[in-house]
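As structure tokens, the structure follows; a few thoughts come after it.
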């Protein structure tokens, strides 16, 4: 039996929405690791409405942005990347979010926007302590 099937069965055992959110999050991560991006997106979306820890929203939006990038739905990827950026102020932790947005604009041949976000990546890199 696959882990995802066992985890899905646990949904039948609880009506607690916060616990269900944890289960959806676990399923989303499994599907993401299996490159089943549309399923991962579906479960990450369900997770967003049932989060225990609201700080996870940034990570989930970033991961959804990555999923949409991998399936070449660049506008949706950009939307989720920007949601993550709004939630997280400038820090070295958001370089991956900025990078996925830049990549999406590049894939859409919107080179001016891509360059804008790549420059933001460089600005973030300048703040890294490399000593």
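The values are calculated or read from the model by the stated rules, or taken from the named source; none is laboratory data. What you see is a predicted model; the values in this text were computed from it and never measured. FYI the Cβ positions are ideal-geometry reconstructions off the backbone, even for glycines, and counts take in every protein chain you see.
In the set (1) touching a helix residue (DSSP H, G or I) at 6+ places or on another chain (Cβ under 6 Å); (2) assigned to a helix (DSSP H, G or I), the condition left unmet by residue 5 is number (1). Among the residues of the range 72-105, not one is at pLDDT 90 or above, closer than 21 Å to residue 128 by Cα and not in a helix (DSSP H, G or I).
Could you list all residues from the range 33-71 that are touching a helix residue (DSSP H, G or I) at 6+ places or on another chain (Cβ under 7 Å) and outside any helix (DSSP H, G or I)? The answer is 50, 51, 52, 71.
Just one of the listed residues (106, 42) is crowded, with 16+ Cβ neighbours inside 10 Å and either under 30 Å from residue 2 (Cβ atoms) or touching a residue at least 60 places away in the same chain (Cβ under 8 Å) (or both), namely 42. Given the condition assigned to a loop (DSSP other than H, G, I, E, B) and modelled with pLDDT of 95 or more, answer yes or no: does some residue in the range 110-124 qualify? Taking every residue of the range 110-124 in turn, at least one turns out to be assigned to a loop (DSSP other than H, G, I, E, B) and modelled with pLDDT of 95 or more.
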